[in-house]
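The values are calculated or read from the model by the stated rules, or taken from the named source; none is laboratory data. If you're wondering where the values come from, they're calculated on a predicted model, not measured in any experiment. In this analysis, Cβ positions are derived from the backbone assuming ideal geometry, glycine residues included, and neighbour counts consider all displayed protein chains. Ligands, DNA and RNA are stripped out before the accessible areas are found, and what is left, the full protein with its side chains, is counted by its heavy atoms. Shrake-Rupley method; radii C 1.70, N 1.55, O 1.52, S 1.80 Å.
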Amino acid sequence: MLESILLVGGQGTRLRPLTLTTPKPMLEVGGYPVTAHQLARAREAGVTRVILGTAYRAEVFGDAFGDGSEFGLRLDHSFEPEPLGTGGGIAQAGAMLESGPDDPVLVFNGDVLTGIDIAQALISWQNSGADVGLYLVRVANPRAYGLVPTDEQGFVTAFLEKPEHEREIVTDQINAGMYIMRRRIIDQIPRGEVVSVERDVFPKLLASGVKTLGIVDEGYWRDLGTPAALVKGSADLVKGLAPSPLLKENPDLREDGSALVFSESHVAPDTELSGGSVVMPGAVVEAGACVRGTVVGRGVRVGAGAVVSDCYLAHGEVADEARLTAEVVC
Ligand code: GTP
């Protein structure tokens, strides 16, 4: 048995108005909700049970994923009537765990696409003797993030707030939103309180001497927090840059990775679909239209001769001959 907690309770404020009706982890990228890709990846890595930590619009997840049998997983839902933050969410979901005190539990943020080899990360963590493992990535612009330096053995030495001065940029490693925690560590997080795992839990654990391994991965990583990242992440899934079992041998995926076109959509023959575009079921792309790196959502119509690039079209219609670049339409 390998248990996992998937945090999906955030409000997704940076993605409003898309997230006013659909929680961020339920937004469709690469043809499926972010959560569906994550469940499939978790299963592939050997996870047998997932507890979804829900708060905002929790009912949507129950309707979509039920008991998880469709993914070959046991899925349970933990609900916070008042959102408890990332740490509080882990603590509340943690009450449902069945693992032993020293067993590893995988914790995932619900808005991250990653190429990390999860099973290998577990092995590295196990070999290190650490109680906590933290997936880290290197970024080109560390200024925008909290930083996580490590020592020569790979153990985390500090959790630093966003740097304000050049001299504070001591590393380019940041928290990538996946953790391995022994069950007894999760049990130490206060229950029923608003707690941040990044700002409260990890710094306190480090201060109390808990060994935390930084697992630095050089592969694919994208946080889907903003509209531009959402659009890019979707295209990366279709192009195969971001791995997802849901896109392997998918009959609707064009062989060259140019587009995922669901058979229940209607695409006129003389159209251009490219750049990892997605045409969802019920969508219509009219004659002469050009769709590049774009998600054409359920029931959306792209008019004849329109050119749409890097857009997320969640609802409505793009007029004939219109030009749209990097827009969210909902
Ligand atoms: P923004 O409001 O745009 O920052 O998005 P967000 O609300 O999703 O916050 P953030 O990106 O920091 O959240 C990281 C992950 O934690 C996401 O998968 C969220 O769904 C999840 N999360 C954030 N707050 C909570 C919470 O209070 N409870 C639970 N269960 N999950 C949360």
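Straight-line cross-link reach from residue 211 at under 18 Å between alpha-carbon atoms covers these aspartates and glutamates, not counting any fewer than eight positions away in the same chain: 102, 103, 131, 151, 152, 187, 198, 200. Neighbours of residue 11, meaning other residues whose beta-carbon lies under 10 angstrom from its beta-carbon, give a summed charge of +4 when Lys and Arg score +1 and Asp and Glu score -1. The charge dipole of the range 191-327, taken about its Cα centre with unit charges on the Cβ atoms of Lys, Arg (+1), Asp and Glu (-1) only, comes to about 600 debye.
For residue 201, neighbours were defined as the other residues whose beta-carbon sits under 14 Å from its Cβ, and their charges (Lys and Arg +1, Asp and Glu -1) total 0. For the chain, the spherically averaged projection of the C-alpha convex hull amounts to 16.7 nm². The residue among 26, 308, 186 whose Cα reaches farthest toward the positive pole of the charge dipole of the chain, with charges on the beta-carbon of Lys, Arg, Asp and Glu, is 186. Straight-line reach from residue 204: taking Cα to Cα under 19 Å and skipping same-chain neighbours fewer than 8 places apart, the lysines in range are 162.
In straight-distance terms, cross-link reach from residue 248 covers every one of the lysines whose alpha-carbon lies under 21 Å from its own, apart from those fewer than eight places away in the same chain; here that gives 232, 239.
With K and R counted +1 and D and E -1, the other residues having a Cβ less than 10 Å from that of residue 1 yield a net charge of -1.
With the charge dipole of the range 189-290 set up from +1 on Lys and Arg Cβ and -1 on Asp and Glu Cβ about the Cα centre, the Cα lying farthest toward the positive end among the listed residues 290, 209, 274 is that of 209.
In terms of its alpha-carbon gyration tensor, the range 251-329 comes out rounded; the largest-to-smallest axis ratio a/c stays below the 1.5 threshold. Ligands, DNA and RNA left out, the accessible area of the chain computed with a 1.4 Å probe is 50% carbon and sulfur. Probing with 1.4 Å while keeping every protein chain in the model, the per residue accessible area of the range 1-130 equals 36 Å². The relative contact order of the chain comes to 16 percent, based on Cα pairs under 8 Å that sit 6 or more residues apart. Between the range 86-129 and the range 1-40, the alpha-carbon centres lie 17 Å apart. Potential lengthening of the chain between residue 102 and residue 165 amounts to 18.7 nm, from the contour at 0.36 nm per residue minus the alpha-carbon distance. Calculated translational diffusion coefficient of the range 224-281 (37 °C, 0.692 mPa s; Stokes-Einstein with Kirkwood radius over alpha-carbon pairs) equals 278 µm²/s.
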